[in-house]
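Have a look at the structure below, then the notes.
What follows is calculated from the coordinates using simple rules that are stated; it is not laboratory data. From a predicted model like this one, the values you see are computed outputs, not experimental measurements. With ideal geometry, Cβ positions are generated from the backbone for all residues, glycine too; neighbour counts draw on all protein chains shown.
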Amino acid sequence: MHDEQATESAPARELLHFSRSRDANQLASFVRLRVLKPERVQWRRGIQAAQRYRSEHDDLRVPYGYRTPDDWSPAGFPLGVWIADCRRHYNAGTLDGDRIVQLEKLGMLWSLFDARFDEGLAAAAA
């Protein structure tokens, strides 16, 4: 049991110490985020990494095997896979509208093939 507690953050350990009174909204938010909808944590990490990548590379053409460097937060995040999954869900029509908007604000290319084709046409026309 002690090892399990060591993996939780200090704020999480404090919040889950039930011998003290707790704010019900804060506790509900914690349970919703960590237990009921943990994919939101992965989404936040992905958006954070995508924002950093965009600011450093001016696009979101992330190679599939790309993982965030150790000096980034989050470090070691599989951003290339995450971006590919976002594209796959978008093309399948299963990506949430709010998430689509967030990615489009970052300049997401939903189809690298189409983007490269357009670039080829523009180069041929020049």
* Once you charge only the Cβ atoms, +1 for Lys and Arg and -1 for Asp and Glu, what is the size of the charge dipole of segment 39-125 about its Cα centre, to the nearest 20 debye? -> 240 debye
* Rank the residues Val81, Val62, Val41 as a footprinting-exposure proxy: fewest other Cβ atoms within 10 Å of their Cβ go first. => Val41, Val81, Val62
* Asked: Modelled label-to-label distance, Lys105 and His57, 7 Å Cα→beta-carbon offset: nm?
  -> 2.1 nm
* To do: Compute the relative contact order of segment 39-125 as a whole-number percentage, counting only Cα pairs closer than 8 Å that sit 6 or more residues apart in sequence.
  => 26 percent
